[in-house]
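The values are calculated or read from the model by the stated rules, or taken from the named source; none is laboratory data. Remember, it's a predicted structure, so these values are computed and weren't measured experimentally. Reconstructed Cβ throughout: ideal geometry from the backbone, glycine too, with neighbour counts over all protein chains shown. Please note that ligands, DNA and RNA were not included when accessible areas were found on the heavy atoms of the full protein model with its side chains. Shrake-Rupley method; radii C 1.70, N 1.55, O 1.52, S 1.80 Å.
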Amino acid sequence: MPPEHRFPHYHSFAHRAANWLGFSYDETSPEWVHPVMHLVLLLAPALLAISAARLLGRAVHLRLARSTSRPVTHTTVSIIGLDRNLISHILQTTRRQQFFLLFLSLSLLPVLYLSLELPKQIVNNVLSKSHAPLSLLGYNLTATQHLAVLSGVFLLAITLNGVGKYLLNVLKGRLAERCLRRLRLLIYCHWRKQIGQPRKSELPQILGPEAEPIGGFAADLVALPVTQGGTLLTILLFMFIQDPILGAAALTVLPLQLFLLPYLQRILNRLSRERIQEMRRLTCSLTEQLNPAQDGPGDVLLTMASLRQLEAIRRRIHRVKFFAKALNNFLTALTPFLFYSLGGYFVLEERITLGALIAVLAAHKDFSAPLKELFRFYQQLEDTRIRYKEILGFLLEQQQAGLSSSMKS
């Protein structure tokens, strides 16, 4: 029994959705068009809505859990000069710089849309045989002059885009280093305040590899989501304007990415915490071996065991990280298949122009990059939160030890 007879309402809804978007297909259309249209117009949007609702629910649940289980330690926070929330601490110290980065990031989006639209205009209005003369400032331009004008505007657009990104990255680097310097000074000053008790030797490890990613994340906190998210939305808007069905096809694999990649990230978070703790244990062990008089064969065995454990953790991290990367690359490569098949069929049916399809394919080439950056930002956010939490734990432990020693004295 054909699918349309087994699921009449589902099949008719797919046809109504396609008709609403200005595309009609029936029994005369190729057989492969029917399942593709069902996937693009019904199944993928439903899965996307479910995935988005699931992520939103999880975020609300974690937010409520943190707010109910968080102890009130305002005195501790005021002493060390750090907020218990990483994002709040960054915004408090870099609010003015973040606002300027936001403005610069938003100013790049119109230039991006212009750089996407101009190639389509060149193919359809200049390179096509039915070229119509263009009147510019009272002058009628030939096809060659029209091509030169559009090419010059395109060159100007990509130049402005490149200069803007350069300035954005320079300002982000300046913000990252300033935020990192302040954080390191706070940690160092608090460590120096521990009087009357041995100071912990993990400080070089904390000031170096553990604190450094926090500065980079501070620079990306506002600029990266706005730049990459805005790029993603601009490209999607351009695709939907060319053809809404092709725009929906660009989102087909997104539900799988939203479902699988956060799950793999949680595994990476757990392994990252294990690596940080093991690295601190190794640092303490090596510091104790600085005095040759206290050195012994047992320290060598403990160091070798710690190095083996670090190797095992890092190998597990590599396996999960590269599996997530390979999976994301494979899912991203599936979308051009829909563009070539469905978009090619639309060109043959004269629903869209060849220039529009070429422009959509070129835009999708840039579509995967911001999506990967947003997933990387999510991974960076989770990793930096873990590092910041471990640093706070180190400082709180130092402070509690100091309070205990002062009470005894």
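Restricting attention to the stretch 123-156 and to residues that are over 23 Å from residue 242 (Cβ atoms) and part of a strand (DSSP E or B), the residue that is modelled with the lowest pLDDT turns out to be 135. Scan the stretch 334-375 for residues that are open to solvent by 40 Å² or more (accessible area, probe 1.4 Å), farther than 15 Å from residue 246 by Cα and at pLDDT below 80 and the total you get is 3. Here residue 397 fulfils each of the conditions (1) open to solvent by less than 30 Å² (accessible area, probe 1.4 Å); (2) modelled with pLDDT under 75 apart from (1). Scanning the stretch 295-313 for residues that are of a type in the set (A, V, I, L, M), modelled with pLDDT under 80 and open to solvent by less than 100 Å² (accessible area, probe 1.4 Å) yields one hit, 300.
For the stretch 53-64, indicate whether the set of residues that are open to solvent by less than 40 Å² (accessible area, probe 1.4 Å), out of contact with any Gly (no Cβ under 8 Å at 6 or more places or on another chain), under 30 Å from residue 342 (Cβ atoms) and modelled with pLDDT of 70 or more is non-empty. No; the residues of the stretch 53-64 include none that is open to solvent by less than 40 Å² (accessible area, probe 1.4 Å), out of contact with any Gly (no Cβ under 8 Å at 6 or more places or on another chain), under 30 Å from residue 342 (Cβ atoms) and modelled with pLDDT of 70 or more. You will find that of 120, 172, the residue that is within 23 Å of the chain's Cα centre (by Cα), modelled with pLDDT of 70 or more and surrounded by 14 or more Cβ atoms within 10 Å (Cβ to Cβ) is 172 and no other. Listed conditions (1) open to solvent by less than 30 Å² (accessible area, probe 1.4 Å); (2) within 27 Å of the chain's Cα centre (by Cα); (3) modelled with pLDDT of 85 or more are all met by residue 316, apart from (1).
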